[in-house]
Amino acid sequence: MQKQAIFQSKLLPYALVAPQLAIVLIFFYWPALQAVIQSFLLQDAFGLSSSFVWFDNYIELFKDPAYFAAIVRTFFFSFAIAISSLSFALLLAVMADKPLRGSMLYRTLLIWPYAVAPPVVGVLWIFMLHPSLGVLSRYLRGLGIDWNPLLDGNQAAALVILAAAWKQISYNFLFFLAGLQSIPKSVIEAAAIDGARPMRRFWTVIFPLLSPTIFFLLVINIVYAFFDTFGIIDTMTRGGPGTSTVTLVYKVYSDGLLGGNLGSSAAQSVILMIMVIVLTGIQFRFVERKVTY
């Protein structure tokens with residue numbers, strides 16, 4: 001028999017929900033509405049007046065080759081970050097799920113990096129892999145690798161992906177570990193009795209049972225790569241060298257705050273929001289079909 005909460009006053013449930021609704025309205029819906037309105041406006045060079053230009057900001061965006069290049073780069077970054085962080089986090093979770101001495105300390109240390117802010121992550125990795133000051137750069141040069149992400153766009157992109165994936169591994173690890181611990185041991189033992197080796201047990205028993213967790217983390221990681229990597233890019237490369245690490249979210253910032261084109265920046269933010277909503281909908285529509293609940 002399920003317990004049901006009974007409120008003495010009809011207004012009390014709404015009063016309890018009101019603070020959360022206020023936060024969502026003030027910090028999400030109101031800025032989103034302002035961005036939509038701003039995307040139809042064009043300001044003068046001094047920001048003193050604005051004129052209604054309908055869809056001109058959107059038309060100019062779709063005529064800009066740099067914007068399409070940023071779209072392709074963002075999708076590449078997102079899938080690279082999601083796949084690398086999910087793969088490594090799953091490996092660590094499988095290792096941490098084994099009965100090892102000091103496993104609690106091991107798990108705690110793996111969760112800590114998630115508490116590090118994205119700009120701090122960027123500073124940490126640029127210190128380690130700076131071409132002249134980085135500790136790891138010396139080893140790369142010792143291996144014959146001409147490491148200089150300040151001049152090489154591909155190396156700068158790899159550095160951003162590495163830092164962003166490292167930041168997200170702890171979050172993924174936490175969910176994967178919880179998912180592994182929720183799998184009934186009897187199912188795994190039954191597969192072992194049937195003669196399945198550890199690798200076969202993982203791919204035929206454990207991995208399918210983890211599919212809801214994997215699907216959830218795939219959505220979260222792609223959204224993370226679209227939005228939350230701004231701090232890492234800004235502290236590490238500032239979009240350079242050239243535009244090799246300019247993603248959609250960083251282009252919104254550079255065109256709006258640095259370039260002063262608020263109308264185009266607002267239009268980009270609206271398109272970015274629509275893209276994430278559509279991408280998430282596609283994942284729920286097609287990827288979820290292969291999820292075993």
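The values are calculated or read from the model by the stated rules, or taken from the named source; none is laboratory data. Values in this document were obtained by computation on a predicted structure and should not be read as measured data. Neighbour counts are summed over all protein chains in view; Cβ atoms, including those assigned to glycine, are modelled from backbone coordinates with ideal geometry. For accessibility, only protein heavy atoms count, side chains too; no ligands or nucleic acids. Shrake-Rupley method; radii C 1.70, N 1.55, O 1.52, S 1.80 Å.
Under a 5 Å amide H cut-off, with hydrogens placed 1.01 Å from N, L41 pairs with V53 among residues at least 5 apart or on other chains.
Rounded, prolate or oblate: which fits region 69-125 when a ≥ b ≥ c are the square roots of the eigenvalues of the alpha-carbon gyration tensor, with rounded for a/c under 1.5 and prolate only if a/b beats b/c?
Details: a/c = 4.95, a/b = 1.78, b/c = 2.79.
Because a/c hits 1.5 or more and a/b fails to exceed b/c, region 69-125 counts as oblate.
When the convex hull of the C-alpha atoms of region 154-228 is computed, what volume per residue in Å³ does it have?
Values: hull volume 7.6 nm³, N = 75.
Per-residue hull volume (Cα only) is 101 Å³.
For the chain, what is the relative contact order in percent, using Cα pairs closer than 8 Å and at least 6 residues apart in sequence?
Details: 307 pairs, mean separation 78.6, N = 293.
About 27 percent, as a whole number.
Averaged over its residues, the chain has an accessible area of 61 Å² per residue, based on protein heavy atoms and a 1.4 Å probe. Taking the chain as a Gaussian network of alpha-carbon nodes connected by springs under 10 Å, the highest mean-square fluctuation of the residues I59, I222, I71 belongs to I59.
Pair-distance distribution of region 160-293: all C-alpha pairs, bin width 5 Å, starting at 0; shares per bin in whole percent are 2, 9, 14, 14, 15, 12, 10, 8, 6, 4, 3, 1, 1, 0.
Please get the size of the charge dipole for region 183-293, origin at its Cα centre, with Cβ charges of +1 on Lys and Arg and -1 on Asp and Glu, quoted in debye to the nearest 20. Write out the running numbers ahead of the final one.
Details: 9 positive and 6 negative charges, 80 e Å.
For this selection, approximately 380 debye.
For the chain, list the DSSP H helices whose alpha carbon atoms reach 30 Å or more along the long axis and whose average Kyte-Doolittle value is 0.5 or above? Intermediate values should be presented prior to the final figure.
Numbers: long enough: 65-96 (46 Å, 1.84); 153-182 (43 Å, 0.91); 262-286 (36 Å, 1.58).
Taking the DSSP H segments of the chain (at least 30 Å long, mean hydropathy at least 0.5), we get 65-96, 153-182, 262-286.
Overall, the accessible surface of the chain at a probe of 1.4 angstrom is composed of carbon and sulfur to the extent of 70 percent. Calculated mean residue ellipticity at 222 nm for the chain: -20500 deg cm²/dmol, from DSSP H runs with n ≥ 4 weighted as -39500 (n - 2.57), summed, divided by the residue count and rounded to 500.
Once Rh for region 1-104 is found with the Kirkwood sum over Cα pairs, what is the Stokes-Einstein diffusion coefficient at 10 °C and 1.306 mPa s, in µm²/s?
On the way: Rh = 20.3 Å.
Estimated via Stokes-Einstein, D reaches 78 µm²/s.
Taking the inverse of the mean 1/r over every pair of distinct Cα atoms in region 238-288 gives a Kirkwood hydrodynamic radius of 12.1 Å.
Note on region 57-97: the alpha carbon radius of gyration divided by the globular reference 2.2 N^0.38 Å gives 1.89. Each of I206, F173, F284 was placed along the dipole of the chain (beta-carbon charges, centred on the mean Cα), and the one lying farthest toward the positive end is I206. Compute the distance from the alpha-carbon center of region 184-207 to that of region 52-106, in whole Å. Taking the Cα centre of each part, region 184-207 and region 52-106 sit 31 Å apart.
Measuring r between the beta carbons of W54 and V17 and using R0 = 45 Å, the FRET efficiency lands at 0.75.
For the chain, the equivalent ellipsoid built from the Cα gyration tensor has semi-axes of 38, 31, 18 Å, listed from largest to smallest.
Within the listed set F40, F202, F215, the Gaussian network model of the chain (springs between alpha-carbon atoms below 10 Å) gives the highest mean-square fluctuation for F202.
Where the only charges are on Cβ atoms (+1 Lys, Arg; -1 Asp, Glu), what is the dipole of the chain about its Cα centre, to the nearest 20 debye?
On the way: 19 positive and 13 negative charges, 243 e Å.
Taking the Cα centre of the chain as origin, the dipole is about 1160 debye.
In the elastic network of the chain, a GNM with C-alpha springs shorter than 10 Å, the most mobile of L279, L262, L140 is L140. Per-residue surface analysis assigns Y224 an accessible area of about 20 Å², computed on protein heavy atoms at 1.4 Å probe radius. Using R0 = 41 Å, the C-beta based FRET efficiency linking I111 and I37 works out to 0.50.
Across the alpha-carbon set of region 25-168, the Rg to Rh ratio works out to 1.12, Rh being the Kirkwood radius. Just going by the charge dipole of the chain, with Lys and Arg at +1 and Asp and Glu at -1 on Cβ, which of F68, G259, L140 is farthest out on the positive end? Toward the positive end, the furthest listed residue is L140. Centre-to-centre, using Cα atoms only, region 248-283 and region 116-141 are separated by 29 Å.
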